[in-house]
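To start, the structure itself, in structure tokens.
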Amino acid sequence: MKYLAEYRDPGLARAALAELRRIATKPWSIMEVCGGQTNTMVRQGIDEVLPAGIRMIHGPGCPVCVTPLEQIDRALAIAARPEVIFTSYGDMLRVPGSQTDLLSLRARGATVRVVYSPLQAVELAAANPDRQVVFFAIGFETTAPANAMSVLRAAELGLDNYSVLVSHVLVPPAMRAILASPDNEVQAFLAAGHVCAVMGYTEYEPIAATYQVPIVVTGFEPLDLLDGILHAVRQLESGRTEVENAYARAVARDGNPAAQKVVATVFEVCDRAWRGIGVIPDSGLGLREAYAAFDAERRFAVSQVTAQEHPACIAGSIMRGSRLPTDCSAYATQCTPRSPLGAPMVSTEGTCAAFFAAGRRSPSSLVPAPTAAVQPVPGSRESQS
Amino acid sequence: MTATVQGAGCPVPHRETERILLGHGSGGQLSAALLRDVIAPALASGAPGAIVDDAAVLEVPGMPDGGSPRPGGSLVFSTDAFVVNPREFPGGCIGDLAVNGTINDLAMMGGRPLALSLAYIIEEGLPVEELRRVSAAVGRAAATAGVPIVTGDTKVVGRGAADGIYLVTSGVGVTGAVRPSASRVQAGDAVLLSGPIAAHGMAVMSAREDFGFDAEILSDTAPLHRMVADLLAAAPATHTLRDPTRGGLASALNEIAETAGIGVDLDEAALPVAEPVRAACDLLGLDPMHVANEGICVAFVPAAQASAALAAMRARPEGVGAVAIGRAVADHPGRVTVRTLIGSQRIVDPLIGEQLPRIC
């Protein structure tokens, strides 16, 4: 684990910043896609020490944040059932639904367990044949292989008491939606390194070509981010629009074919609603018909659950990159990590929570917000409210 | 988009106020709110606000002793309950925590521990062998610390009414010449830390979840009273001491900043975190400054005595990793900030509720 220190070296960071200052001649707007990158960016204050004019736009890459409120209400409806052991990654527990959250349900008697891998949930199902074990399968391409594996494992064990509540989303369609917006201001992307570790980066090549944007596969340590930004700015300054891999220690061009095969076996591409953005065609993964028996939505008949967002929350604009948390009237007053109104305040990867944890309380230290980066997709919640 | 269950009005997200959440026991903001809003008001007939401290100083009036009056003095008094899961983890067990935790609470008030009490709450069905192991650990820890267990109690509750064993220890000590208190902290004080952070919390979490980390992480549980005595002798102007247990260093420093009405500036590069601990925190998305410790303390010492204080701490095995991590400042009272590795400044918030590992 010694490698960590090398990617946090202050001297190397200063050198990278100096190089950025040397080569940047124009203002550029760059989006980091992944919430993990946003977290490092804000925790380390990287966006505040970049050369003036280089603006980071925080993308929609927090899996907790983009999970629609309806899906959270479905999770809560399932978890409230006495026969259910509801399992989830930790940070979903605090996400408020319309009425309650999983932590509060647990205090009122529901069985809610944090697991670190969905295979733990399968083990729980095998050990508790008289209970229904449900795993909240959310996330990007990064978590999909393990979640798919859990379904295969449950099938192999012949378990009829394991199911998954799926809300998987895919990165490339979200990037296309952002770029296709008439108000788009994103001029380059830092692609999410761990998503690319699974999927590779060939699917970004047509995006870079079609929309004429540099896309740099980027890691999560401070120096990874600076290196990603450096690659992006070099391309922007020289007019190149290529896919570059600045995270070669983890990412190969074709990704991890074994993981992709598992995902393709269990899941198929489907339309998916993104919280705050709306439905993006072909932007998610759903269970294939062959594995429909493991679909918690069908098993517990919760498809009809609907929900409405808090009126003060501007999570949608924040996740589209068009506004900053500090632009929100509820930010740090009505809405804090202790009583979040919307998802970006809940997960540590959420832009609002990252801003709050870093103590950003006023817009004064920040670059001016753009008017709008992305139009709401027709049919989204915000466009109808 | 759709009608809600509540009709036309938009539902305000629910916030649990009627039931205790696990997060209320985390040592963070929820714990503080519970103490402030529910417990302290009910106990206000005593010394208001005093119960928010981990230990209290009691003035003992002069007492007649065989006809001739004996002068009064002051005692330091503390109590703590231990409910760790799992009860045994790399580097220690619940028995070590129960002894060292209460000794450290006394030491942070500048107290020299005299004796401890120990109460067991045991669940029906617990293997006697485990009770033997825990008791042996208590005995060893007390002997190592040189602080005897002088009284106690044992209760057994029905299966399911407790989780194995809970321990409750109380301790008394005598105060010395130095009375550290958060309210004495002044701008300019050096902030010293006696050793690396986050080891205990990550040791317990990795034992509970069996992550299979390559490097074993050991709890830092240790009694600190001897190191503190040396520290206070070397730096008698020490303003305050705190052992950052639940809620971690971030919560402890925020409490001090708030009580003292000063700001605290830390240097991230100076914060000691053992590499396997840092890697485990990274993997789970936890901030090492929010993770529990059981064998380190933070000291606010006037700059002129900082090097003497550091030397005294480093001369003890439990303080061999002592370092300066920042200073108290007049700016941003009540706030803790850290200078990041990149060179920008960020605010360090206390832990909110339960620590929740993030998704990926």
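The values are calculated or read from the model by the stated rules, or taken from the named source; none is laboratory data. Source: prediction; values computed, not measured. Quick reminder, even Gly has a Cβ in these numbers, built from the backbone with ideal geometry, and neighbours come from all protein chains shown.
Under the condition of being among the aliphatic types (A, V, I, L, M) and in a loop (DSSP other than H, G, I, E, B), the residues counted in region B:322-344 number 4.
Which numbered condition trips up residue B:354, out of (1) closer than 27 Å to residue B:141 by Cβ; (2) touching a helix residue (DSSP H, G or I) at 6+ places or on another chain (Cβ under 7 Å); (3) not in a helix (DSSP H, G or I)? Exception for residue B:354: condition (1).
Put simply, of B:207, B:162, B:145 the only residue that is within 27 Å of residue A:114 (Cβ to Cβ), touching a Pro at 6+ places or on another chain (Cβ under 6 Å) and hydrophobic (A, V, I, L, M, F, W, C) is B:207. Of all the residues that make up region A:60-105, how many are in contact (Cβ under 8 Å) with a residue 24 or more places away in the chain and assigned to a helix (DSSP H, G or I)? Going through region A:60-105 one residue at a time, the tally reaches 20. Just one of (1) more than 30 Å from residue A:150 (Cα to Cα); (2) surrounded by fewer than 21 Cβ atoms within 10 Å (Cβ to Cβ) fails for residue A:261. It is (1). Restricting attention to region A:180-214, the residues being without any contact (Cβ under 8 Å) to a residue 40 or more places away in the chain and crowded, with 19+ Cβ neighbours inside 10 Å number 5. Looking across region B:301-327, just one residue is under 26 Å from residue B:263 (Cβ atoms) and free of Cβ contacts under 8 Å to residues at least 40 places away in the same chain, and that is B:307.
Answer yes or no as to whether residue B:345 is within 8 Å of another protein chain (Cβ to nearest Cβ) and over 21 Å from the mean Cα position of the chain (by Cα). Yes: the conditions hold for residue B:345.
So is residue B:39 assigned to a helix (DSSP H, G or I), modelled with pLDDT of 55 or more and either loosely packed, with under 15 Cβ neighbours inside 10 Å or facing chain A (nearest Cβ under 7 Å) (or both) or not? The answer is yes for residue B:39. Restrict the check to region B:76-95 and report whether at least one residue is at pLDDT 90 or above, assigned to a helix (DSSP H, G or I) and of a type outside the set (Lys, Arg). Scanning region B:76-95, I find at least one residue that is at pLDDT 90 or above, assigned to a helix (DSSP H, G or I) and of a type outside the set (Lys, Arg), so the answer is yes. Residue by residue through region A:277-331, note down the ones that are in a strand (DSSP E or B) and closer than 14 Å to residue A:167 by Cβ. Hits for region A:277-331 are A:279, A:280, A:283, A:284, A:285, A:286, A:287, A:295. Only residues that are closer than 30 Å to residue A:139 by Cβ, part of a loop (DSSP other than H, G, I, E, B) and either more than 9 Å from chain B (Cβ to nearest Cβ) or touching a residue at least 24 places away in the same chain (Cβ under 8 Å) (or both): list them for region A:1-52, please. A:7, A:8, A:45, A:50 - these are the residues of region A:1-52 that are closer than 30 Å to residue A:139 by Cβ, part of a loop (DSSP other than H, G, I, E, B) and either more than 9 Å from chain B (Cβ to nearest Cβ) or touching a residue at least 24 places away in the same chain (Cβ under 8 Å) (or both). Taking the stated definitions as given, is residue A:52 assigned by TED's automatic domain parsing to the domain that holds residue A:187, more than 27 Å from the chain's Cα centre (by Cα) and either among the aliphatic types (A, V, I, L, M) or buried (at least 24 other Cβ atoms within 10 Å of the Cβ) (or both)? Taking the combined requirement at face value, the residue satisfies it. Test residue A:60 against the stated conditions and say whether it is under 20 Å from residue A:92 (Cβ atoms) and either assigned by TED's automatic domain parsing to the domain that holds residue A:236 or crowded, with 24+ Cβ neighbours inside 10 Å (or both). In short, yes. Among the conditions (1) touching a Gly at 6+ places or on another chain (Cβ under 9 Å); (2) not in a strand (DSSP E or B), the only one that residue B:172 does not satisfy is (2). Restricted to region A:117-223, the set of helices (runs of 4 or more DSSP H) holding at least 3 residues that are within 14 Å of chain B (Cβ to nearest Cβ), closer than 21 Å to residue A:319 by Cα and not polar (S, T, N, Q) comprises A:193-199.
In the set A:176, A:153, only one residue is surrounded by fewer than 21 Cβ atoms within 10 Å (Cβ to Cβ), more than 21 Å from residue A:202 (Cβ to Cβ) and of a type in the set (Lys, Arg); that residue is A:153. Note on region B:284-312: residues that are within 27 Å of residue B:82 (Cα to Cα) and not charged (D, E, K, R) total 14. Filtered by the rule that a residue be in contact (Cβ under 8 Å) with a residue 40 or more places away in the chain and closer than 20 Å to residue A:169 by Cβ, region A:304-332 gives A:305, A:306, A:307, A:309, A:315, A:316, A:317, A:318, A:319, A:320, A:321, A:322.
Between B:135, B:194, B:183, the distinction of being among the small types (Gly, Ala, Ser), closer than 30 Å to residue B:282 by Cβ and in contact (Cβ under 8 Å) with a residue 40 or more places away in the chain belongs to B:194 only. Regarding region B:95-115, can at least one residue be identified that is in contact with a Lys or Arg (Cβ under 8 Å, 6 or more places away or on another chain) and without any contact (Cβ under 8 Å) to a residue 60 or more places away in the chain? Checked against the condition, which is being in contact with a Lys or Arg (Cβ under 8 Å, 6 or more places away or on another chain) and without any contact (Cβ under 8 Å) to a residue 60 or more places away in the chain, region B:95-115 yields no hits at all.
Candidates in region A:75-101 are the residues that are crowded, with 21+ Cβ neighbours inside 10 Å and among the charged types (D, E, K, R); of these, the one that is nearest to the other protein chains (Cβ to nearest Cβ) is A:91. Checked against the criterion of being among the aliphatic types (A, V, I, L, M) and buried (at least 24 other Cβ atoms within 10 Å of the Cβ), the candidates B:320, B:301 yield just one match: B:301.
Each row is one residue, and each column tells you yes or no for (1) surrounded by fewer than 21 Cβ atoms within 10 Å (Cβ to Cβ); (2) under 20 Å from the mean Cα position of the chain (by Cα); (3) not aromatic (Phe, Trp, Tyr).
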{"position": "B:175", "(1), (2), (3)": "yes, yes, yes"}
{"position": "B:195", "(1), (2), (3)": "no, yes, yes"}
{"position": "B:223", "(1), (2), (3)": "no, yes, yes"}
{"position": "B:232", "(1), (2), (3)": "no, yes, yes"}
{"position": "B:252", "(1), (2), (3)": "no, yes, yes"}
{"position": "B:261", "(1), (2), (3)": "yes, no, yes"}
{"position": "B:265", "(1), (2), (3)": "yes, no, yes"}
{"position": "B:280", "(1), (2), (3)": "no, no, yes"}
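Regarding region A:341-353, can at least one residue be identified that is within 27 Å of residue A:184 (Cβ to Cβ), away from chain B (no Cβ under 11 Å) and modelled with pLDDT under 80? No. Is region A:24-35 home to any residue that is in contact with a strand residue (DSSP E or B) (Cβ under 7 Å, 6 or more places away or on another chain) and β-branched (Val, Ile, Thr)? Yes - at least one qualifying residue is present in region A:24-35.
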